[in-house]
Every structure is written in structure tokens, then in C-alpha cells.
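S.K.: Pasting in a structure now, in C-alpha cells, and then I'll have a few things to ask.
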Amino acid sequence: MLFGIVITALVACLAIVFLKALWRRRDVGMAAAEYDMQVYRDQLEELDRDLARGTITQDDLAAAKIDVSRKLLEADRRATAAQTTPQAPRAANWVASALIAAGLAGAVALYWDLGNHGYADQPIRARLSDAKDRYRNRPDQSAAEASFAQTITPPDIDPQYKALMDKLRAAVAANPDDQTGLALLAKNEMSLGNLAAGRAAQSRLVAAKGDQATPDDTARLGEYMVAAAGGLVTPEAEAEFAKTLEDDPQNGRARYYIGLMMAQNSRPDRAFQMWEALLRTSQPTDDWVAPLRETLPAVAWLAGYPDYVLPTLSPVGPSAQDLVAARAMPDDQRMARLGPPLDALRAQLARQGGGVEDWARLIAGLVLVGRDPLATDILSEAQEVFADAPESLALLRGAADGTWPPETLPETPPENTAQRGPSADDIAAAQNLSATDRQAMIEGMVNGLTERLQTQGGSAAEWVRAINALATMGQMERAAEIYTQGKAALTQAQDEDGLRALTAAADGIGLTR
């Protein structure tokens, strides 16, 4: 508050200086010249008195009178010039005064609205110290699980599924070292939303395997710990990921969560370095690729890379062009060309879903390689997913009967640059800011986006970008609030694809666990 008062006082003083200069009368110059003329006249009279007293000679008098007379003429010239200089109209002075006052008052009001006059200094050493304190003071696994459990609403479970789960739990209780049973129990408890129980089952599985536990086992245990802790990478989860990386330094799941831990503890610079390298070495079907591509631009901003551009990933499965080209191939060559990509596409859709064209490519490819029964099953599943979208249903039927993709495909549109993040002007402005000011600028942009989404709505991509940016800045409660509002807006708009994308992004940052 004191800072704001001081700034306002300085602006007021500046306004007084401007206005005083504006309203100062221009006859000041004439008054000064007249004063000089009177001084010179007095000097001429004094010279005559000096001659009468005998202090100067006649020659000295003549020389002095010439010099003073010259100065008297110059003073007279300045007085005449001041009299002939036009005065500005009083109305013009009032208009100029109003503009000066409005400009300075507007500057104060703008800062009072957009600035943060209570914001303390944030030197890099203090911020690094705060990050270390935040890292050291994280809740442990039990505390984080207990806190998150209070926010979970028990899901509705199909009675038959519940009965099967009761049998599975009883079988594992009767044979606690059964690794297959423990693996099934952990996976199904997690799918039911029993996160702590799923984490416990995976922990028992890793213990049962002992030295035979693989890096994937320990990475999965760490992931289940994060889920049970509400998305927080606890010290215990970090230890599991560290153990994974000791045995397998390239394990993508562990690298993703270690990066998430860095982001959660105010080190976006380290998170960006780890995640950017991970994204470049990952396959499009890897679980962490989708949340990485949604989160990484915001992390890059926070890490000081405002012009970062996501690398292009090749789509999984055969493209529409591949399907058209395969129609002219012999059956054996067609199977060799399309078989593996179709299997990869089918696995991705089963794991994380996809857009209608992804489903259409899978159906059309299965028909081309002669796997009609499977294509029929996939078509039925896709029709349920896109039941409320007539155009999507028409595309799926076209893929099943061989009319899609058409022989002549439209040209590929230019690459969408929306993922590039800020505009060139934003980047140029950010490059001239200090780290603290850049952080404030980013927060202002994120706040502007969320406010616009809350008042005007927006696309699914914008809702996803908002929750990822808020999560990266550590504002998990606000991210959860925006996620809830976005889910309601997309549900009302019947945007099923957008809703799935938003849910996947929320799951990636731990909002739905």
C-alpha cells in the first residue's frame, strides 16, 4: 500500500511540474528585459557622476557609455521581441492540462488495476530456496492419501462386477503370494477408483517378486502412489521412480513422474529439460505423450522458453493415403503393409480412445486386410461412442463399406500453429522482461484465458490449456475448479471428443484421481 501511495505522490508532483510550465506567462521574458534596461540607464547616469567627481577621464567616459549603450539596445530588442510573441489561447492551455492530467491519472489507474503493488521482490536465490523448502516439506504418502481420500466420492459399481471383485479379493487373501492375482487385483482396484487399495496391491506384488521385480513394476507402483495421493509425487513415490531409473535410465513412465515432481516443486526449468527430452524419444502410443503435449508449452513458458514449439509426432496407424494406396496391392503385400500399424492403432484406441477419423482408419484397414468380423465389432463400438454425431456415424459407415477414404483426398491443410503458444508480440515483450516480470506476464495471460472461459466459454483445447497451465503453476485447486466448469460446458455442448480430451488432460495432472 505504501508503494502505491509513493508512486501516486510522485505522479502528482510530475503533473504539477508539467502544468506549471504550461501556464507560466510568456511576459516573463519582457519583464526581465525591462529590468535590464533600467539597470543600464542607471549605469549611464552613474558614469556622469563619476566624471564630475573626477574618478574617470573623458576618454574613459566615452568608452564606458558606448559599452553600456550597446547593452541597453540589446535589452530593448529582447523586450520588443517578447511583446510581439503571441500568447497561446487559454482554451488550448485548458485542453493540454486536461490531457496531461488524464494521461497521468490513467497510468496510475492502469497500474492499480493490472499491477501488483504488494508483490515482494523475488530474487532467484530466494525462489530456489523456496523450491527446496517446498520439496523437503511435501506430505508423505500416508498423509497425502488420507487428505485425498476425503475428496473422493465412491463410484457406483455394477453388482456383477462387484461380486467378481469380492471373489478376486478373497482369492488373493487366501493366497497372498499369488503374483497373477495381485497384478489383477491392483489393476482392477485402480480402475474402480479404489486408489489406496490398488496401490497396496501393487506394493504387495513388488514385494512378492522381490529381486525379480522389473523396472516397469516399480514404475507402476510409483504411478499408483501418485494417483492415490491425488496427483502429488510424494517422497515414497519418488523413491520408487528413482529405483526404476537406476535399473532402467530410459524408463519413460518414471521420467515423466520425476518431471512432474519438478514442476510441482517450483522447478519448471528442470521439468522442461526432462520432459522435452522424453517427448522426443517417446512413441505416439506411450501413455505419457498426450499429457506431455498438453502441458509442455506452459512449462516451457515458465522455464523461460517462450518460443518453444512442440515436435511433430507421426500419427499411429495407416494414414488415409496409405489406405488408398493399399487398395491396389496384392493381399499378402497389403497385410504386410497394414497389419502392424493397424494393431498399434487398435491398441491406442483401446487404451485412450481417439477421434472419429482414427476409428474410421482402423475399420477401413481391417476391411482391406480381410478381417471383416473384427471390423464389424469395432464399428459397433465406435457407433456407441459417436451415437450423438450423425456426421461421424456416416463416416464410420463409409469406412465399413469401403467408400472411405475416397480415391481423391483433399490436400492436407497447413499445420495448425495454435500450439505455438504466445504470439510474436508476446514473445518479443517477454524477452525484454525480468524473470519475475515474465512470470507475472504469464500469470496474467493464464488469468485472462480462464476469465474468458468462465464468462464466454471456449473450445476443448482452451479448457485443456487452462487446467494444464494452472497445474504447472501449482494452482491445483483452481485447476480443479476450471476442470469442473469446462466439463459442464462441454457436456452441455455435447462435445464428446472435447470432453474426452479434457478428461484425459485432467487425469494426466491428477485431477480425476
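S.K.: Let's test the formula: R0 of 56 Å, r as the Cβ-Cβ distance of ALA21 and THR403. What FRET efficiency results, to the nearest 0.05?
M.R.: After rounding to 0.05, the efficiency reads 0.10.
S.K.: Could you compute the longest span of the chain free of GluC sites (Glu not before Pro) located in DSSP loops and having at most 13 other Cβ atoms within 10 Å, not counting the site residues?
M.R.: Of all site-free stretches, the longest is 1-406.
S.K.: Rounded if a/c is under 1.5, else prolate if a/b beats b/c, else oblate: with a ≥ b ≥ c from the C-alpha gyration tensor eigenvalues square-rooted, which is the stretch 139-182?
M.R.: It is oblate, given that a/c is not under 1.5 and a/b is not larger than b/c.
S.K.: On a 0 to 90° scale, report how tilted helix 159-174 is relative to the longest principal axis of the chain, with both axes built from alpha carbons and the result rounded to the nearest 10.
M.R.: 80
S.K.: While we're on this one: With each pseudo-label sitting 7 Å past Cα toward Cβ, what's the GLN494-LEU164 distance in nm, one decimal?
M.R.: My value for the distance between the label points is 3.2 nm.
S.K.: Shifting gears a bit: Over 21 Å between C-alpha atoms is what I'm after, so list which of LYS162/LYS187; LYS20/LYS71; LYS167/LYS187; LYS162/LYS487 land there.
M.R.: Checking Cα-Cα distances, LYS20/LYS71; LYS162/LYS487 exceed 21 Å.
S.K.: Would you kindly state how much longer the chain becomes between LYS65 and TYR135 on full extension, computed as 0.36 nm times their sequence separation minus their alpha carbon distance, in nm to one decimal?
M.R.: That works out to 16.3 nm of additional length.
S.K.: Grab the Cα-Cα distance for ALA171 and ALA146, subtract it from 0.36 nm times how many residues apart they are, and report the gain in nm with one decimal.
M.R.: Between ALA171 and ALA146, full extension yields 6.3 nm more.
S.K.: What full-extension length gain, to one decimal in nm, is calculated for VAL309 and GLN383 as 0.36 nm per residue of separation minus the Cα-Cα distance?
M.R.: Taking 0.36 nm per residue and subtracting the Cα distance, the gain is 23.1 nm.
S.K.: Still on this structure: Rounding to the nearest 10 and keeping the result within 0 to 90°, find how far the Cα-based axis of helix 496-508 lies from the longest principal axis of the chain.
M.R.: 80
S.K.: Once you put a point 7 Å from the Cα of VAL324 and another 7 Å from the Cα of TYR35, both along the Cβ direction, what distance in nm separates them?
M.R.: Each label point lies 7 Å from its Cα, and together they span 9.1 nm.
S.K.: Continuing with the same structure: Quick check on the chain: helices-only [θ] at 222 nm, where DSSP H runs of length 4 and up contribute -39,500 (n - 2.57) each and the sum goes over total residues. Nearest 500, please.
M.R.: -24500 deg cm²/dmol
S.K.: A follow-up question, please. Beyond 34 Å, what percent of the Cα pairs of the chain remain?
M.R.: Counting pairs separated by more than 34 Å, the tail of P(r) holds 58 percent.
S.K.: How high is the FRET efficiency between ASP269 and ALA107 when r is their beta carbon distance and R₀ equals 25 Å, given to the nearest 0.05?
M.R.: That pair, ASP269 with ALA107, gives E of 0.15.
S.K.: Hey, could you pull the Cα Rg and Dmax for the stretch 320-401, both in Å?
M.R.: Just the Cα atoms of the stretch 320-401 yield Rg and Dmax of 12.1, 38 Å.
S.K.: Among GLY304, ILE363, ALA52, which residue has its Cα furthest toward the positive end of the charge dipole of the chain, with +1 on Lys/Arg Cβ and -1 on Asp/Glu Cβ?
M.R.: Final value for the positive-end residue is ALA52.
S.K.: If you don't mind, there's one more thing I want to ask. Between ALA92 and ASP42, with labels modelled 7 Å along Cα→Cβ, what's the label distance in nm to one decimal, could you check?
M.R.: The answer from the label model is 3.7 nm.
S.K.: Output the 0 to 90 degree angle, nearest 10, between the alpha-carbon long axis of helix 289-303 and the longest principal axis computed from the alpha carbons of the chain.
M.R.: Helix 289-303 and the main axis of the chain meet at about 20 degrees.
Each reported figure results from applying straightforward, stated rules to the coordinates on display, with no laboratory input. These numbers were taken from a predicted model, which means no experiment stands behind them. Positions of Cβ are generated from backbone atoms using ideal geometry, with glycine treated the same way; all protein chains shown enter the neighbour counts.
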